[in-house]
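FYI, it's all coordinate maths here, none of it is from the lab. Not measured: the values here are computed from a predicted model. Every residue, glycine among them, receives a Cβ derived from its backbone with ideal geometry; neighbour counts consider all protein chains shown.
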Amino acid sequence: MAQIKQLFAYQILDSGGRPTIEAKLILDNDREVITSVPCGSFDSKNEALEIRDNDKEHFEGMGVTTAISYINNLIAPKLIGVSPQKQQQIDNWLIKADGTHNKSKIGVNTILTVSQLIARAGAVDLGVPLYKYLNELYKTIAGTELKIEHVPSPIFNMINGGKHANTNMEFQEFQIIPSSSLSFSRAYEIGTTLYHELKRVLMYRNANISVGEEGGLTPNFTTNVDAFEVLMETLPPKNLQAGHDVFFGVDFSSNYFYKDDRYIIKDKPHPLKREEFIDFVIYLMSQYQFLTIEDPIQSEDWEGWKKLGASISEQIYVVGDDLISTNPQRLDKAIKEKACTSFVIKPNQLGTVTEVLQVAHTARSNNFTYIVSNRADETNDDFIADLAVGIQADFVKFGAPVRGERVAKYNRLWYIDKVELKNS
Ligand code: PGA
Ligand code: ZN
C-alpha cells in the first residue's frame, strides 16, 4: 500500500470569484489527487467556521493564505509517510488539532480540504471509484451494510431568489424534481429540457434570463407564487405532467425574509405571523405538486416546525437546511422533536469526511432522509457527487443544470449511472 509522499495547497477562485483552497496529494507510487472546497454564505451560527485572511489589501480580506499555510507548514509534514487508508485516524487528529467546537482555530476549509484529499488518495491507492471507497468507509463507521442501489434523484434549482439573486423574490430556490422512479439519465434530460423551456417562457414575457448564484434564472415577479405558475407553463410543451413525471420543490430559506417576528413576502399585503405563514405554506402545498419543502420556518422556531409538520402530508419531505446546518447536535434535536423528516448535508458546514459519514449514519438509523447539497460558491470538484452515491442519499441538490461548477457534479452522477452502474 502506498504512502503519502507530498501534500500541498494553493489558492484558486471559486464560482463567486472569491479565493478558496485547492490541494494536491502525491503518493509514493507517483499517483496524484486534487481536491478543493466550496464556500457557503456562512450566515448560520450553527455551522463550522472557515478562516479567511482578513487582509484588506488582498482579495478584500477574503484570501485563504493563512489556511493554506496551516496545510503546507503544519499538517503536511505530519502526514508524509502515512498511509491514506487511515481516514478515521487522520480525521480525528485534524479535529483534535483544531480543538474547538466549530473548527474556528484552523478552519473548516483547512480541515475539509485535507480530509477530502485523504479520501481521494485512499480510493486511488486501492484502485476503486471514490463513491465505492466512501461506501466502504460508511459501512465501517456505521457497522451496517449499505448497498449501492441507486444514483440519488436530482433537485434542480431552476429559479434563484432570496440571497442568491438580485431580484425581488423572497424565496431562495424554485425547484423541479423529476420523479424518483426515473433513472438519473432521464431525470437529467428532463431537468435541462425544462430549463431551456423556462428560458423561452421568460423571454416571451420579457423577463430577465440572467443567472443567479446557483445557475437558476433570475426573473422579477409580482409574487413568489408566480414563479410556480411559470414553472407549470414549461410542462405541457414537453408532455410532462406535474405529480407524475415531475414534482416541485422550494427552498424558502425563510431566515432571509423573517424580521421582527413576522414573515414578509410580497404574496401578502401585510407581514405574516407564524400561524398565518404556516397557512400560506399549506395553501401552496394544496395548489402545486410539491415533493420537498426546505426551511419553511425560521431556524430557531422549533415549535413552528412541529406545527407545520403536523399539518403536512407525510408524502412531502420537510427538509431542515439552515435549521440543522449539518450540525450533529441539531440533527439529534430535530430527530427527537420530530421537527422535520429530512435534512441537507453540506460537508463544509461540518468538517471531516468521517463526521459527514457519521451524521449520515445517525440520520439513516433514525429513518431520517438526507439530501447532499452544493454551496452557493462552488468549485469544479465533484467530490460531493461520489459522496451522495456512497451514502445513498435520497436526493442531491447541485443547483441548476447549467454552469461548469454545477454540471461537473451532475455529470459525474451521469457517468456513475451510465458507465459504472450500467443503468439505461
Ligand atoms: P448556501 O445555499 O450555500 O448559500 O447555504 C444553499 C442552500 O441554502 O441550500
Ligand atoms: Zn437551503
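The table for this structure:
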quantity	calculated
The range 4-127 - Kirkwood radius from inverse mean 1/r over Cα pairs (Å)	14.8 Å
Rg/Rh (Cα only; Kirkwood hydrodynamic radius) as it applies to the range 163-252	0.95
GNM top mover of Val211, Val344, Val37 - the chain, alpha-carbon springs below 10 Å	Val211
The range 4-127 - charge dipole about Cα centre, Lys and Arg +1 at Cβ, Asp and Glu -1, debye rounded to 20	340 debye
The range 88-127 - convex hull of the alpha-carbon atoms, volume per residue in Å³	52 Å³
Where only alpha carbons of the range 290-424 are counted, the Rg and the Dmax (Å)	15.2, 46
Helix 224-233 vs. the chain, principal-axis angle (Cα, 0 to 90°, nearest 10)	90 degrees
The chain: relative contact order as a whole-number percent, Cα under 8 Å and 6+ apart	20 percent
Residue-averaged 222 nm ellipticity for the chain, from DSSP H runs of 4+ at -39500 (n - 2.57), nearest 500	-11000 deg cm²/dmol
Degrees between helix 404-415 axis and first principal axis of the chain (Cα, 0 to 90, nearest 10)	80 degrees
Highest to lowest packing among 229-238, 350-359, 194-203, scored as the average C-beta count within 10 Å	350-359, 194-203, 229-238
Interchain or long-range residues, amide H under 5 Å from Ile345's placed H	Ile371, Val372, Ser373
Part-to-part distance (alpha-carbon centres) for the range 190-212 and the range 221-235, which is given in Å	11 Å
Candidates Tyr188, Tyr138, Tyr204, ranked by Gaussian network fluctuation over the chain, Cα under 10 Å, top entry	Tyr204
Kirkwood hydrodynamic radius (C-alpha pairs) into Stokes-Einstein, the chain, 4 °C and 1.567 mPa s, D in µm²/s	59 µm²/s
Angle between the chain longest axis and helix 108-126 axis [Cα atoms, degrees, rounded to 10]	70 degrees
